[in-house]
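Worksheet: one structure, shown below.
The values are calculated or read from the model by the stated rules, or taken from the named source; none is laboratory data. All figures in this text were calculated on a predicted structure; none of them were measured in a lab. So basically every Cβ, Gly included, is an ideal-geometry build from the backbone, and we count neighbours across all protein chains shown.
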Amino acid sequence: MPDEEACGPSMDLRSSTMALLRPHAVAVLGASEDPATPGGAFLHSLVRGGFQGPVYPIMEAERGARRVPSQVLGRKVLRSIDELPTDVDLAVVVLPPERAAAAAVDCVRKGARAIVVPGRGFAESHARGRELQVAMVDQVESRGARLLGPNSLGIYSRSGDLDLAPSVPVAGQEPAAVALLSQASELDSLFIETLREHRLGLALYASLGNAADLSFEHLLPAASMEPGVRAVAMVPAGTVDRLALSSAVREVAPRVPVLVAHKVRGRAAMRAARSHAGAAMEASETMPDLEAAGAVLATDLVDLADRAAALALQPRARGRRVAVLSTSGGAAVAVASHLEDMGLEVPVLPEKVQRALVQWLPEHGTAANPVNLGGSLPAGSLRPIADGVLGQPAVDGAVVLAVGTDVPALATAVAEAAAARGKPVVGVSVRAPLTAKAMRASGMPAYPSPMRAARAYQALVPGPL
């Protein structure tokens, strides 16, 4: 067993974070053969997720059982932490609070550099739980290791084949383009499901729980460097170190977009947050600092996923001037209203451009901007219209709407015209499934309403609006 002096100085934040995201070997304390139990769920998720390193289940005889099995899922069962080899760098402690606090420290003494504590009953529950949490973190940190949680749903890394988030639907076949750091707990599923609507998946997921030790500022730099990550989304609920997190955002945002949706707004939410994450901070206390540091703000988890998809799929706009191309006059009115409400501009196109566009538009079409395409158009007219609009210096990007008219060629034409000029475009598809498919195939995020598309486009415009 390594002595405490040897454990401490050599274990910095970077090595502990690597142990969390890229462990060589994992121990699961409180493991079970039954995947319906918490310990069993973590063990089964880890093994079936394809983790390549050694896995060490530590089990006790379950109620009604006469003995502990010698193996579970093909892994040798250990009876105590003392039996752990010294190569275990990540331990998942699925035990009641009193035992979890002591076991976490014992794992660090045995050589673990990162600890995940999923269980509840700590600072979010009562005074005794807060005492246990503080003592546990102090002892883990003093020995040079770091702790995720308590009250965490777990950790997931696609590139590391690490699935220790059994209650969250993180695994999938979609391109792993987004990292999610969150205190939203079970609501994280809403973000993930919305992201999947955009045919995107998670590269990394970390449920911070009470964030008693590892917090957003610690994990953000590592999340931004995960393979495939094109946006990092954060959902804080408890207290955060505003200066430290702002500094981390300022470091990361020039390389990878950082988005934030703060859950806590108002007195009732503050009360709920204290019983959820053990602490609370109003969004108004943190969001202005994070926005000033370069973060993109979102209103809720669906909006967060919509904006993350836009940032993962499209280039940033050079300015705030937006063209609108729509098959529906009513939809054009709606999206133009939302864009201007958000501080974006829908500029009138020059007269010369309008005269050129009218030659390609039907009699009831309009060319000023929004450009009303008047429903179905011959495929040959779509690319000239798209080029004419997106080729204007006074246009920084576009929103294209197919509402009630299914015109896949419209999506392709606008996407190609935008890509040729390095300009962003987002889409709206309502009762136009083939157009939605064409939008996504071309790399354009497709939204089911003008409001959601306008919010997503706003994320592509740099700087506060």
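Considering segment 223-233, and only residues there that are crowded, with 24+ Cβ neighbours inside 10 Å and in contact (Cβ under 8 Å) with a residue 60 or more places away in the chain, the residue that is nearest to Ser189 (Cα to Cα) turns out to be Ala233. Of all the listed residues (Pro462, Pro378), the sole one being in contact (Cβ under 8 Å) with a residue 40 or more places away in the chain and either surrounded by fewer than 19 Cβ atoms within 10 Å (Cβ to Cβ) or not assigned by TED's automatic domain parsing to the domain that holds Met287 (or both) is Pro462.
Return only the number of the condition from (1) in contact with a Leu (Cβ under 7 Å, 6 or more places away or on another chain); (2) within 22 Å of Met59 (Cα to Cα) that Val137 does not satisfy. Result: Val137 passes all but (2). For segment 306-329, the count of residues that are in a helix (DSSP H, G or I) and modelled with pLDDT under 95 is nonzero. When Pro393, Pro384 are checked against the criterion of being surrounded by fewer than 18 Cβ atoms within 10 Å (Cβ to Cβ), free of Cβ contacts under 8 Å to residues at least 12 places away in the same chain and farther than 22 Å from Leu259 by Cβ, Pro393 stands alone in meeting it. The C-beta contact set for segment 38-55 (first residue free of Cβ contacts under 8 Å to residues at least 12 places away in the same chain, second residue among the small types (Gly, Ala, Ser), distance under 6 angstrom, 6+ apart or interchain) comprises Gly40/Ser32. Restricting attention to segment 302-354 and to residues that are aliphatic (A, V, I, L, M), farther than 15 Å from Asp396 by Cα and out of contact with any strand residue (DSSP E or B) (no Cβ under 7 Å at 6 or more places or on another chain), the residue that is surrounded by the most Cβ atoms within 10 Å (Cβ to Cβ) turns out to be Ala305.
Applying the condition of being modelled with pLDDT of 95 or more and hydroxyl-bearing (Ser, Thr, Tyr) to segment 168-191 and asking which residue is surrounded by the most Cβ atoms within 10 Å (Cβ to Cβ) yields Ser182.
This table checks each residue for (1) buried (at least 19 other Cβ atoms within 10 Å of the Cβ); (2) among the basic types (Lys, Arg); (3) under 22 Å from Ala206 (Cα atoms); (4) touching a Gly at 6+ places or on another chain (Cβ under 6 Å).
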residue	(1), (2), (3), (4)
Leu95	yes, no, yes, yes
Glu98	no, no, no, no
Phe122	yes, no, yes, yes
Val137	yes, no, yes, no
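What is the residue count in segment 395-417 for residues that are touching a strand residue (DSSP E or B) at 6+ places or on another chain (Cβ under 6 Å), assigned to a loop (DSSP other than H, G, I, E, B) and of a type outside the set (D, E, K, R)? Residues flagged as touching a strand residue (DSSP E or B) at 6+ places or on another chain (Cβ under 6 Å), assigned to a loop (DSSP other than H, G, I, E, B) and of a type outside the set (D, E, K, R) within segment 395-417 amount to 1.
Screening segment 418-460 for residues that are part of a helix (DSSP H, G or I) and of a type in the set (D, E, K, R) and picking the one that is farthest from Ala305 (Cα to Cα) gives Arg421. When you look at Ser182, is it under 24 Å from Ala456 (Cβ atoms), under 15 Å from the mean Cα position of the chain (by Cα) and free of Cβ contacts under 8 Å to residues at least 40 places away in the same chain, yes or no? Here the answer is no, as Ser182 does not meet what is asked. Taken over segment 254-301, residues that are buried (at least 18 other Cβ atoms within 10 Å of the Cβ) and modelled with pLDDT under 60 amount to 9.
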